[in-house]
1. Considering only segment 31-50, state which residues are free of Cβ contacts under 8 Å to residues at least 40 places away in the same chain and of a type in the set (A, V, I, L, M, F, W, C).
2. Inside segment 38-60, can you point out the residues that are assigned to a loop (DSSP other than H, G, I, E, B) and either over 22 Å from I9 (Cβ atoms) or hydrophobic (A, V, I, L, M, F, W, C) (or both)?
3. Output the residue which, of all residues in segment 1-48 that are among the hydroxyl-bearing types (S, T, Y) and modelled with pLDDT of 90 or more, is nearest to the chain's Cα centre (by Cα).
4. Among the numbered conditions (1) small (G, A, S); (2) part of a loop (DSSP other than H, G, I, E, B); (3) at pLDDT 90 or above, tell me where G73 comes up short.
Amino acid sequence: MTTRPPNTIGVGIVGGSIGGWAALGHVPALRALPGYDLRAVSTSRRESAEAAAKEFGAAAAYDSHVELIADTGVDLVVVAVAELTVPEKYFGGAAADVTSPAHNVAQLYAQFARDLAEGTRVAPDFAYALTRHHVIDAVEKASATGVRQRLRATATGEEA
């Protein structure tokens, strides 16, 4: 079980091996976002989980995603497995009209899978997500304080 720093969302990564998708994308994004604390990592082998937890600064390492999910210090689970098989139902048809958050994530993963297979970059990347996070923060702050917020330009030229 991991500890809970105040006012943070505890994150656990399933498939969080060193050099994998999590290390290249999820971990840097979590480090860049305030309010998130990487608390646990799971891989298929205890040794690699412990190495990844040490490398990423996570308090807990598991060789089972079930154990990670059961960790009471983990509020949010990121699934970052190398082999991502997305069910066909998420690629279109009647299911494409569903707008639940879980379905939206599945559609995003489906697009990631297509991008990887086809060498394209259609799915939003982490820089895009980070920019949107800054916009949401500014809207929330303006709403709470009644003061207009200014967004700064990012390295990509977008407002953040």
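1. L38, A40, V41, A49
2. So in segment 38-60, the residues assigned to a loop (DSSP other than H, G, I, E, B) come out as 43-45, 57-59.
Scanning segment 38-60 gives S44, R45, A58, A59.
3. Within segment 1-48, the subset among the hydroxyl-bearing types (S, T, Y) is 2-3, 8, 17, 36, 42-44, 48.
From the residues that got through so far, the ones that are modelled with pLDDT of 90 or more too are 42-43, 48.
On the way: S42: 15, T43: 16, S48: 20 Å.
Step by step, filter segment 1-48, then rank; the result is S42.
4. With respect to (1) small (G, A, S); (2) part of a loop (DSSP other than H, G, I, E, B); (3) at pLDDT 90 or above, G73 is out only on (3).
The values are calculated or read from the model by the stated rules, or taken from the named source; none is laboratory data. The shown structure was predicted, so the numbers you read here are calculated from the model rather than taken from an experiment. With ideal geometry, Cβ positions are generated from the backbone for all residues, glycine too; neighbour counts draw on all protein chains shown.
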